[in-house]
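A.B. asks: The structure that follows is given in the form of structure tokens.
All of the numbers you see were taken from the coordinates with simple rules; none came from a lab. Just so you know, these numbers come straight off a predicted model, no measurement behind them. Virtual Cβ from ideal backbone geometry, glycine too; neighbours counted across all protein chains shown.
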Amino acid sequence: MTPVILLAAEKESAEVTDWAARVGWVVGLGLFVALVYWLMREGWKWRSTLQGDLPELPTAPDAAGPAKLSLSGRYHGSTSAGQWLDRIVAHGLGTRSRVELTLTDAGLDVVRPGANDFFVPVAALREARLDKGIAGKVLTEGGLLVVTWVHGDKLIDSGFRSDHAAEHNEWVETLNDMINKTETEGAR
């Protein structure tokens, strides 16, 4: 009776792994991921080419004046105004990064470590508001400070998130007051 049990046990032994097939699947999956990444990169470059008519971003003047407000947080990107999914990638505006915002009488200084800094003159500012999303980032209602500004002939929304979200309301009020004051002085 013992030999029958041994024969039955031998018939139920585990199958040997087919290493060639497994390696083939891993290599195939790796190539597929590389292809998808390459296509995404080409799409980003194509979008940048389409937005090539956007002029170079201004830099902060040497004498911008004393800071009215400053904020430390994240820059989430820029889009065409009113089109929260139409990301602008030209001149590095599509690159997410840390940000140091400084508001002066001259305008809004956007300093981004590891990305292109830019400056928005006070005359180019159009609106500041709290929103819940901008291309690629959705937060709770009012979790994002969105500043609308003009660059060249394009109206742009830029999204910022402070490390301390309670600062957003003060930024919206101060920016909108500056914009209204500038419009009133310009109308005279």
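A.B. asks: With a cap of 16 neighbouring Cβ atoms within 10 Å, and only residues DSSP puts in a loop, list the trypsin sites (Lys or Arg not before Pro) found in the stretch 28-100. Each step should come with its number before you reach the end.
C.D. replies: Details: sites: Arg41, Lys45, Arg47, Lys68, Arg74, Arg87, Arg96, Arg98; in loops: Lys68, Arg96.
Those satisfying the criteria are Lys68, Arg96.
A.B. asks: Let me ask something else. So which GluC sites (Glu not before Pro) in the stretch 118-174 are both in a DSSP loop and have at most 12 other Cβ atoms within 10 Å of their Cβ? Walk me through the numbers before you get to the answer.
C.D. replies: Details: sites: Glu127, Glu141, Glu167, Glu170, Glu173; in loops: Glu141.
For GluC sites (Glu not before Pro) across the stretch 118-174 that sit outside H, G, I, E and B with at most 12 neighbouring Cβ atoms in 10 Å, the list reads Glu141.
A.B. asks: Let me know the volume per residue of the alpha-carbon convex hull for the stretch 29-147, in Å³. Mind dumping the intermediate values first?
C.D. replies: On the way: hull volume 15.4 nm³, N = 119.
That works out to 130 Å³ per residue.
A.B. asks: Oh, and also: For Val150 and Ala123, calculate 0.36 nm times their separation in residues minus their Cα-Cα distance, and state this gained length in nm to one decimal.
C.D. replies: Details: separation 27, 0.36 × 27 = 9.72 nm, distance 0.87 nm.
Full extension from Val150 to Ala123 adds 8.8 nm.
A.B. asks: At a threshold of 8 angstrom on Cα-Cα distance, excluding pairs fewer than six apart, so keeping six or more, what relative contact order does the chain reach in percent? Don't jump to the answer; show the numbers that get you there.
C.D. replies: Values: 300 pairs, mean separation 35.4, N = 188.
Result for the chain is 19 percent.
A.B. asks: Show the residues, 5+ positions off or on another chain, whose built amide H is closer than 5 Å to the amide H of Gly142.
C.D. replies: Asp131, Lys132
A.B. asks: May I pose another question? Starting from the 7 Å offset along Cα-to-Cβ, what nm value, one decimal, do you get for the label separation of Ala34 and Thr182?
C.D. replies: 4.9
A.B. asks: Rounded, prolate or oblate, given the Cα gyration tensor of the stretch 17-72, with a/c below 1.5 counting as rounded?
C.D. replies: Details: a/c = 7.38, a/b = 2.63, b/c = 2.80.
Since a/c reaches 1.5 but b/c is at least a/b, the shape of the stretch 17-72 is classed as oblate.
A.B. asks: Suppose the Debye formula is applied to equal point scatterers at every Cα of the stretch 149-188; what is log10 I(q)/I(0) at q = 0.15 Å⁻¹?
C.D. replies: One equal scatterer on each Cα of the stretch 149-188 leads to -0.51.
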